[in-house]
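Colleague: Quick one: the structure is below, and I'll ask about it shortly.
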Amino acid sequence: MQVDIHAPYKDRVRQALGDPNLRVAVSKATDRMANARNASMDEIEGERLRSQLRQMKQNVLRNWPDYLQDLETNLRQNGCVVHWAEGIEDAQQIVKDIALQNSAKLVVKAKSMATEEIHLNHALEEAGLRVVETDLGEYIIQLAEEPPSHIVAPVIHKRLEEIADVFQEKLDMPATRDPSKMTSLARARLRKEFFAADIGITGCNFAIAETGTICIVTNEGNGRMVSSMPRVYVAVMGIEKLVPTVEDAFLQLQALCRSATGQKFTVYCSMTSGPRRPGDVDGPEQVHVVLLDNGRTRMFARGYGEALMCIRCGACLNACPVYQEIGGHAYGSTYNGPIGAVITPALAPEIARFKELPHATSLCGACREACPVKIDLPRLLLDLRSDLVQQGAGPTTEALGIKSYSALMSSRRMYESLGKLAGIGSNVYAGMSGGNIKFMPPPLNGWTAYRDFAPFARKSFRDWWRERSKVRRRA
C-alpha cells in the first residue's frame, strides 16, 4: 500500500499504519542507522562534539547577516554568480533562466532537500528539460514517481522486492533480486547521463563564509560528478547552511557523518570555490549559487531560529518512535520526522496550514538526545502548539474539553456531584464487563481500543476524609 501524500493527514497516517511492510522496512533501517550513530559517537567525546557544534551554529545565527555578506563577497571573488531567492517561484525562475541562457536540455542532480523544498524537478520538466536524479536512492524514487521519505535515506520505505519491481518496469531489467546487479544497471545508465548533461544541480551541506566554498558530502561520488562534469553547475543553498571558517567546516563534517550514517567520514567530500580556471583539467565553466530564503528569516523572527541550526543528518528521524511507525510520507511535506514537524509549519506563511504536524509526536525527547546540535525539538513542538491555540487553529474537541474541564474545576459542588455519578456508573458498567471497562464512547474510545479503563473508586477521597474526621471528633 502506497501512502497518498495528497490525502488528509489522518488518512495518510491510517494508510501508513495499515502497511506492515512499511513499518518493518522503516524500523529496520532506522534502527541500523541509530545504532551506527551511537557506536560512532561513543568512539569519541560525543557530548563535547555536540556542545562545540551548537556553540558554532549559535554564533552563525547571532551574526547571520555578516556571514552571509562574507559568503557572497567571497563567492563573487572566486568567480561564482550569486542569486538571491526569496521564495519558491523566485528560485525556480532563477534556475530556469540559467538553463534557458545556456540552451540546456539535460540536467543531472545530486541529492538535495533544498531542491525538493522548491519542487525544482517539476518546474524544470514543465519548462521542457529532462531531469535525472543521480543519487541511487533518489534515482529509485524518481523512477517510482514518489517523493523521498527520509532526509538522508530517501528510499528507506521500500523493500528490495519493491525496488526490483521498479527496475523491471522502468528499466527493463531482467528479473532478479541481486542488489549488485541492480546497482550495476543503475550505474551504467547514470554514467551516460553524466557525460551528456548540460547542467549539474546540487544542494549544499554547508558553505564556508571565509573562503566562499560550497561543500557537499556523498558516499557514491555522484555529487562530485554532478558539480564538475557539466559545463554549468548550480548549487541551491538554504541561507542558514553557513559555517564561518574551514575549521568550523571540519567540526560540522565530523558531527554530520557520525550522526547521519555512523561513519567517521563519508567517502566523498566535494568542495567547490568557483568555476574552472586557466590550467585546470576539469570543472564547470560557470558556477551559480542560489541563496534560498523561502521563509527562513520569517521562521527566525517567529522565535523558531533554533531549528535553523539543523544540519540535516536525520538522526532525530531514526530515534523517533512516531516516524518509525508511520514513515516519512505520512507527514505530507518535504521535511518529515521531528525536525520536519517543526520547520514545515514554521517556514510556511501560515503555521495553521500544517497544524497537524506539531501533534505528530510523543514528546518523548529521543530526538533531542540524538540531535548533534542539541536542538530542543520537544520544546519547539510545544511552542508551535501554543501558537496554534493562540491563532484559534487548535483542535476543536481539545478546546471544548479544556473549557469543560475548567468549568468543572471551578465549581466544587459540580465536581463532587459528577465524581459520585462517575463512581456509581463506572462500577455498574465495569461489573457488566467483567471487572474493567472494555469500551467507552468517542472520543474516549481511543483509550479502550488498546487497554482497559479502571472504574472510578466507589467512595471518593473527600467522602472518606469526611467520615474519618467525624470518627475522630467522636473519639
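Colleague: Taking neighbour Cβ counts within 10 Å as the exposure measure, how do Ser417, Ser460 sort from fewest upward?
Modeller: Listing Ser417, Ser460 from fewest to most nearby Cβ atoms yields Ser417, Ser460.
Colleague: Let me have the relative contact order for the stretch 413-474, percent, based on Cα pairs under 8 Å that are six or more residues apart.
Modeller: Relative contact order comes out at 35 percent.
Colleague: By count of other Cβ within 10 Å, fewest leading, how are Met225, Met309 ordered?
Modeller: Fewest to most other Cβ atoms nearby, the residues stand as Met309, Met225.
Colleague: Shifting gears a bit: Would the stretch 134-200 count as rounded, prolate or oblate if I go by the C-alpha gyration tensor, calling it rounded below 1.5 in a/c and otherwise prolate when a/b exceeds b/c, oblate otherwise?
Modeller: Note, shape of the stretch 134-200 comes out oblate.
Colleague: Would you mind working out the magnitude of the charge dipole of the chain relative to its Cα centre, with +1 at each Lys and Arg C-beta and -1 at each Asp and Glu C-beta, to the nearest 20 Debye?
Modeller: 2940
Colleague: Among 65-72, 286-293, how do they line up from the highest to the lowest mean number of other beta-carbon atoms within 10 Å?
Modeller: 286-293, 65-72
Colleague: If we restrict to alpha carbons, what Rg and Dmax does the stretch 413-474 come to, in Å?
Modeller: Cα radius of gyration and Dmax of the stretch 413-474 are 14.8, 48 Å respectively.
Colleague: Here is a further query. Compute the distribution of all C-alpha to C-alpha distances in the chain, in bins of 10 Å from 0, and list the percent of pairs in each, rounded to whole numbers.
Modeller: All Cα pairs, binned at 10 Å, distribute as 4, 17, 26, 23, 13, 7, 5, 3, 1, 0, 0 percent.
Colleague: When all alpha-carbon pairs of the stretch 337-475 are counted, what percent fall beyond 18 Å?
Modeller: Across the stretch 337-475, Cα pairs with separations above 18 Å total 71 percent.
Colleague: Give the lysines whose C-alpha is closer than 24 Å to that of Lys355, dropping any in the same chain fewer than 8 places away, or say none.
Modeller: Lys10, Lys403
Colleague: In whole Hz and in residue order, list the ³J(HN,Hα) couplings for the stretch 347-362 that follow from phi through the Karplus curve 6.51 cos²θ - 1.76 cosθ + 1.60, θ = phi - 60°; x for Gly and Pro.
Modeller: 7, 5, x, 10, 4, 5, 4, 10, 5, 6, 4, x, 9, 7, 7, 9
Colleague: Let me ask another. I need the semi-axes of the equivalent ellipsoid of the stretch 172-234: take the C-alpha gyration tensor, multiply each eigenvalue by 5, square-root it, list largest first in whole angstrom.
Modeller: The equivalent ellipsoid of the stretch 172-234 has semi-axes of 30, 15, 7 Å.
Colleague: Could you pull out the pairs from Lys111/Lys241; Lys28/Lys158; Lys420/Lys459; Lys111/Lys170 whose alpha carbons sit more than 18 Å apart here?
Modeller: Too far apart for the 18 Å limit: Lys111/Lys170.
Colleague: Further, regarding this structure: Hey, if you put +1 on the Cβ of every Lys and Arg and -1 on every Asp and Glu Cβ in the chain, which of Val166, Pro395, Ala144 ends up farthest toward the positive end of that dipole?
Modeller: After comparing all options, I get Pro395.
Colleague: Have a look at the stretch 119-231 and give its Rg and Dmax from the Cα atoms, expressed in angstrom.
Modeller: Radius of gyration, then largest Cα-Cα span, for the stretch 119-231: 15.2, 52 Å.
Colleague: Please compute the contact order of the chain in relative form: average sequence separation of alpha-carbon pairs under 8 Å and at least six residues apart, divided by the residue count, as a percent.
Modeller: 19
Colleague: A further question on this structure: Write down the Kirkwood hydrodynamic radius of the stretch 254-345, to one decimal in angstroms, obtained as one divided by the mean of 1/r over all alpha carbon pairs.
Modeller: Taking every pair of different Cα atoms in the stretch 254-345, averaging 1/r and inverting gives 16.3 Å.
Colleague: Here is a follow-up. Add -39500 (n - 2.57) for each DSSP H run of 4 or more in the chain, then divide by its residues: what number comes out at 222 nm, to the nearest 500 deg cm²/dmol?
Modeller: -16000 deg cm²/dmol
Colleague: So if I take the centroid of the Cα atoms in the stretch 288-331 and the same for the stretch 442-470, what is the distance between those two points in Å?
Modeller: Here the answer is 42 Å between Cα centres.
Colleague: If you look at just the Cα atoms of the stretch 44-294, how large are its Rg and its Dmax in Å?
Modeller: 18.3, 56
Colleague: May I pose another question? Hey, got the dipole for the stretch 301-392? About the Cα centre, +1 on K and R Cβ, -1 on D and E Cβ, debye to the nearest 20? Before the final figure, lay out the partial values.
Modeller: Working: 8 positive and 8 negative charges, 20 e Å.
Charge dipole, the stretch 301-392, about its Cα centre: 100 debye, nearest 20.
Colleague: In debye, nearest 20, what is the charge dipole magnitude of the stretch 413-474 about its Cα centre with +1 on Lys and Arg Cβ and -1 on Asp and Glu Cβ, if you could check?
Modeller: 600
Colleague: Considering the chain, which cysteines have no disulfide-compatible partner, defined as another cysteine with its Cβ under 4.7 Å away?
Modeller: Taking the Cβ cut-off of 4.7 Å, the unpaired cysteines of the chain are Cys80, Cys204, Cys215, Cys257, Cys269, Cys310, Cys313, Cys320, Cys364, Cys371.
No lab work stands behind these numbers, since they all come straight from the coordinates. Remember, predicted model here, so these are calculated numbers, not experimental data. Note: ideal-geometry Cβ built from the backbone for every residue, glycine included; neighbour counts use all protein chains shown.
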